[in-house]
Amino acid sequence: MTGRPIAVPVERSLRPARPGVELLLVLGVSLGQSAVYSVLSLADALTRGPLNQQTQTLNPQQNDRVVFDLIEQVLAIAFPLVPVALALYLMGPGVLRRIGLDARHPGFDLGGGMLLAACIGIPGLALYFGAVALNLNSNVDTSGIGPQWYAVPVLVLSALRAALQEEVIVVAFLVDRLGMKGWRFWAVVLTSALLRGSYHLYQGFGGFVGNAVMGVVFVLVYRRWGRLGPLVVAHFLLDLVSFVGYDLLKQLAPGLLP
């Protein structure tokens, strides 16, 4: 016997947006959480000895067996992108076009990103070596994967993951939500910059300062150009050079770099 279908009530109006709560929840499962662990990591390092005698490894080996290491590397790239998708979803339909993460201006995004990467990367490298020399920063090993066949593809994907994660959440979503809260623009800029610097504190004080300055520049550029694409390109190029190019240059020209 077939009964009557159950009538599901439909709400007449959606619950009003709560931008502050949404921002805190997204940060709590992504870069805000990273900031807390980064502060803890710095405190631990400071109690162990001089920072420039310690090393922080990015993209570490996940497993001593190749197959499982590869699987875990891919998962470590994929899962952090879930909060990125959540942030984009919360910003509503047409978000990629509104924030400039679509394919309407590929030449502008690529050219602007390359210019931005050059302006940020060269001073950033000098700041890093200076901070290490002054015992304000740990040494950073950009890859702990080793000479595995999948190392370069994983590092490229890791650079892309970092670019999307940081620029979507710390620039586009944060600017959008704090703007909805009525924050003044410079308060938004400083908040974004301090957040970006804080989840790099595991590297030391040089990592904090360099990334905070980068955060200020990126939000100003985002406001000026109205597109997130160049920021993602710039961040991807910076991390690609750090993850892949630095070790490659050391192998090709030993002694050229510290």
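Rule-based calculations on the coordinates, nothing more; no lab input. Treat the numbers as computed from the prediction; the structure is a model and nothing was measured. With ideal geometry, Cβ positions are generated from the backbone for all residues, glycine too; neighbour counts draw on all protein chains shown.
Here are some notes:
- Any hit, region 158-169, residues being surrounded by 14 or more Cβ atoms within 10 Å (Cβ to Cβ) and among the hydroxyl-bearing types (S, T, Y): yes
- Leading residue by the ranking (nearest to E22 (Cα to Cα)) among those in region 77-88 that are of a type in the set (G, A, S) and surrounded by fewer than 18 Cβ atoms within 10 Å (Cβ to Cβ): A85
- Residue, nearest to Y128 (Cα to Cα), within region 194-226, restricted to residues that are surrounded by fewer than 24 Cβ atoms within 10 Å (Cβ to Cβ) and β-branched (V, I, T): V209
- Matching residues in region 129-149 - criterion: being loosely packed, with under 15 Cβ neighbours inside 10 Å and within 24 Å of A234 (Cα to Cα): F129, G130, D141, G144
- Lone qualifier among V36, V67, V74, V26 - being surrounded by 12 or more Cβ atoms within 10 Å (Cβ to Cβ), in a helix (DSSP H, G or I), β-branched (V, I, T) and free of Cβ contacts under 8 Å to residues at least 60 places away in the same chain: V36
- Residue list for region 179-192, filter: surrounded by fewer than 21 Cβ atoms within 10 Å (Cβ to Cβ), touching a helix residue (DSSP H, G or I) at 6+ places or on another chain (Cβ under 9 Å) and among the small types (G, A, S): G179, A187
Each row is one residue, and each column tells you yes or no for (1) in contact with a Leu (Cβ under 9 Å, 6 or more places away or on another chain); (2) free of Cβ contacts under 8 Å to residues at least 40 places away in the same chain.
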| position | (1), (2) |
| --- | --- |
| M91 | no, no |
| R104 | no, yes |
| L110 | no, no |
| M114 | yes, no |
| C119 | no, no |
| L136 | yes, no |
| P153 | no, yes |
| V156 | yes, no |
| R161 | yes, no |
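- Matching residues, region 140-190, being small (G, A, S) and outside any helix (DSSP H, G or I): S143, G144, G146, G182
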